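Colleague: My questions will all concern the structure given below.
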Amino acid sequence: MHAQVIDEYRLISIKQLVKAVREGKDNSERFCFIIGAGASVSSGIPAGVTLECDWMREMEEWPGLGEIRGIAERLRERKRLEHDFEEIEAAWEETKKSGEPLPSKYYFDIYKLRFFPNHRNGYYYLEKVMADKKPGFGYHPLALMLTEGSGNNLVITTNFDSLVEDALFLYTDSKPLVINHELLADYAGDSNIKRPIIAKVHRGIFFDPLNQPEDTNELKGRWRDVLVSVFQSYTPIVIGYGGGDNSLMNLLEEDNVRMKNGLYWCYMEKYGLPDQKIQKLVQEKKGYFVRTAGFDATMLALGNALFPEKIGIHEAEEYLNNRTSMHITNYEKEYKRLTGGEGEDHAANSDGPSNESEDEFRKDIEKITERGTVSEQERQKMDQMTAWDYWRRGMRHYELEQYEKAVESFSCAIEKQANVAQFYSERGISYYALRQYEKSIAENDRAIELNPEFEVAYNNRGYAYAKMGEYRKAIADFNKAIALKREYDTAYHGRGYTYDRLGEWKEALQDYNRAIDINPKYAAAYRDRARLYARLSYTYDAMEDLNSAIALYPENAASYTDRGSVYMTLGNYKHAIADFNKAVALKPGAPKPYEERAKAYRLLGDEEAAKADEARAQSLREA
């Protein structure tokens, strides 16, 4: 604990900081953030005081502080260290006794000694420390502060990490200007730049960062002049910065560095006030110390006051899931386009399997999922599958009309990765194929929650609503899908089908026509337009459309049944029976071909065959 020399009234709570920021924004006051290593701790990057202790412990173990002492003396003689090593050793002994951290002012000296004689190893050490680290919670509200448009778009940091820019990429659509080198310093003072600016006064980790005493004694290049100007326009909020360097800290202490509205220096209350040097700085700059529980808690308080509708768990999850789902969907579309794939969305009323080879998949399915037992080796293989492996397997099951297995595979994908809208939508399609329309709707509801711009989910939910007789809801969903994707053939087809059920045949015909214009190979659209033509007594138009549907997809039993019925209208009962026979061969469990064939047999005088077909149809309907 450091003795208090600052006036008591300059110690304020986080609530008072939040009030000052909120009211300041309303009055066009601009804030900037000075971020130090303490802000990175919750993201898994050790603070400078932690690294100091780690490095002292490592040197103590090998090569030993005696040898380090000799090196320190020679470096100190050449003014390559800021402090006598005896002073550092004494502080280290006190730290080991008390558990208090080493003063941050020793950081650069300890770094130089730890990585002597090859300081490139120090850079590699820091790279490993920062590798794969993700922004902690506090960086979300910070990213929103930098982008919400009131001019609070500047971060000044002594850190080398990329957490601020990573948070901006993750939580916003804004692309930051990252100033990794002093040669670009002037951009930090350009008031015309509206996007977030991240000013790294000690450079970025990949730009030969400044981490030695001789490099951090003063600001490099134009940083000093730029920051003097910045502090006349912005009110600094200091978080996680201990003032251990002599560059930024020396600038803040200069008499001619004026801050129009003072500054707010956040400190962790459990560690007590910063040292007297920092207290004196805050007092002279007419600033305030803010009692906090750390970086994340500070940013949470600001976020709750300024962006309560964006930082909640559900809101953040929804935003991130939507972004991820859109990226995945766009990637899939581009991949299919570039590799010559169909590039179409899987939708309800699919016209059968794609033409891609299924041999490898069939072997895998036969080996792993068709048997009643699974070997341990196969179980391990399944355990190693990713969410997208299960998704691909689910799509193959669907294409093979193994809908229950498709549901199982999509469920496994969701267990592995529960935030992908596409997985729920595909499971919804499978439920649709199983005629479990309520489940299909629920799955697409979830997909839309994850990604409100996912046109496929609206389209597929529309089909399910139509099957349940919820025609107006279906039309609303198809309208939304078409608004999101203008050339959406399956949505026009689905809306046409729904208008058809409502008896709004003009609108239905327009939508069927539009679906076929977009996709001249859309067999289901020809088939449903043919049914409408038949109801309107446009018999030859119906026949022409059914011929097209059968030519495009000759394995669909319904098209043969429908063409057989048209032949019946034309009095051509033998041709009708031939088509009904084909439908029965393709789908022997469907009752309608038997019912229609019974009518044809009766008209031809074959009462026995007619009764046999009627009995078969009845048994199928009762099954």
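The values are calculated or read from the model by the stated rules, or taken from the named source; none is laboratory data. This structure is a prediction, so every number in the text was calculated from the model and none was measured. Ideal geometry is used to build each Cβ from the backbone, glycine not excepted, and the neighbour counts take in all protein chains shown.
Colleague: Looking at Glu60 and the list (1) touching a Gly at 6+ places or on another chain (Cβ under 6 Å); (2) farther than 24 Å from Ile278 by Cα; (3) of a type outside the set (A, V, I, L, M), which single condition is not satisfied?
Modeller: Just one mismatch for Glu60, condition (1).
Colleague: Given the criteria in the same structural domain as Ala143 (by TED's automatic domain parsing) and either on the phi > 0 side of the Ramachandran plot or not in a helix (DSSP H, G or I) (or both), does Asn256 qualify? Reasoning before the result, please.
Modeller: Numbers: in the same structural domain as Ala143 (by TED's automatic domain parsing): yes; either on the phi > 0 side of the Ramachandran plot or not in a helix (DSSP H, G or I) (or both): yes.
Answer is yes for this residue.
Colleague: Identify, by number, the condition in (1) at pLDDT 95 or above; (2) outside the structural domain of Asn217 (by TED's automatic domain parsing) that Gly66 doesn't meet.
Modeller: Exception for Gly66: condition (1).
Colleague: Is there a residue being more than 20 Å from Lys277 (Cα to Cα) and part of a loop (DSSP other than H, G, I, E, B) anywhere in the stretch 3-26?
Modeller: no
Colleague: Go through Ala413, Ala406 for me and flag whichever is assigned to a helix (DSSP H, G or I), modelled with pLDDT under 95 and either within 23 Å of Tyr465 (Cβ to Cβ) or among the hydroxyl-bearing types (Ser, Thr, Tyr) (or both).
Modeller: Values: Ala413 fails: either within 23 Å of Tyr465 (Cβ to Cβ) or among the hydroxyl-bearing types (Ser, Thr, Tyr) (or both).
Of Ala413, Ala406, the one residue that is assigned to a helix (DSSP H, G or I), modelled with pLDDT under 95 and either within 23 Å of Tyr465 (Cβ to Cβ) or among the hydroxyl-bearing types (Ser, Thr, Tyr) (or both) is Ala406.
Colleague: A further question on this structure: Can you tell me which residue is modelled with the lowest pLDDT among those in the stretch 536-569 that are within 20 Å of Ala508 (Cβ to Cβ) and among the aliphatic types (A, V, I, L, M)?
Modeller: Leu536
Colleague: Could you grab me the full set of residues in the stretch 220-250 that are under 25 Å from Gln276 (Cβ atoms) and among the polar types (S, T, N, Q)? Spell out how you get there, then give the answer.
Modeller: Filtering the stretch 220-250 for residues under 25 Å from Gln276 (Cβ atoms) gives 224, 227-228, 231, 235-250.
If the condition is that a residue be under 25 Å from Gln276 (Cβ atoms) and among the polar types (S, T, N, Q), then Thr235, Asn246, Ser247, Asn250 are the ones that fit.
Residue by residue, here is whether (1) within 20 Å of Asp500 (Cβ to Cβ); (2) surrounded by fewer than 20 Cβ atoms within 10 Å (Cβ to Cβ); (3) under 52 Å from the mean Cα position of the chain (by Cα); (4) not aliphatic (A, V, I, L, M) holds:
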residue: Ala549; (1), (2), (3), (4): yes, no, yes, no
residue: Gly571; (1), (2), (3), (4): no, yes, no, yes
residue: Asn581; (1), (2), (3), (4): no, yes, yes, yes
residue: Ala590; (1), (2), (3), (4): no, yes, yes, no
residue: Glu608; (1), (2), (3), (4): no, yes, no, yes
residue: Glu614; (1), (2), (3), (4): no, yes, no, yes
residue: Leu620; (1), (2), (3), (4): no, yes, yes, no
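Colleague: Further question on the same structure: Given (1) over 30 Å from Phe115 (Cβ atoms); (2) part of a loop (DSSP other than H, G, I, E, B); (3) without any contact (Cβ under 8 Å) to a residue 60 or more places away in the chain, where does Asp186 come up short, assuming only one miss?
Modeller: Asp186 satisfies all of (1) over 30 Å from Phe115 (Cβ atoms); (2) part of a loop (DSSP other than H, G, I, E, B); (3) without any contact (Cβ under 8 Å) to a residue 60 or more places away in the chain except (2).
Colleague: If Arg529 satisfies every condition in (1) within 23 Å of Arg563 (Cα to Cα); (2) under 35 Å from the mean Cα position of the chain (by Cα); (3) crowded, with 24+ Cβ neighbours inside 10 Å but one, which is the exception?
Modeller: Going through (1) within 23 Å of Arg563 (Cα to Cα); (2) under 35 Å from the mean Cα position of the chain (by Cα); (3) crowded, with 24+ Cβ neighbours inside 10 Å one by one, Arg529 breaks only (2).
Colleague: Of these, Asn192, Asn152, Asn159, which one is of a type outside the set (D, E, K, R), without any contact (Cβ under 8 Å) to a residue 60 or more places away in the chain and either within 19 Å of Ile34 (Cβ to Cβ) or loosely packed, with under 15 Cβ neighbours inside 10 Å (or both)?
Modeller: On the way: Asn152 fails: without any contact (Cβ under 8 Å) to a residue 60 or more places away in the chain; Asn159 fails: without any contact (Cβ under 8 Å) to a residue 60 or more places away in the chain.
So the residue among Asn192, Asn152, Asn159 that is of a type outside the set (D, E, K, R), without any contact (Cβ under 8 Å) to a residue 60 or more places away in the chain and either within 19 Å of Ile34 (Cβ to Cβ) or loosely packed, with under 15 Cβ neighbours inside 10 Å (or both) is Asn192.
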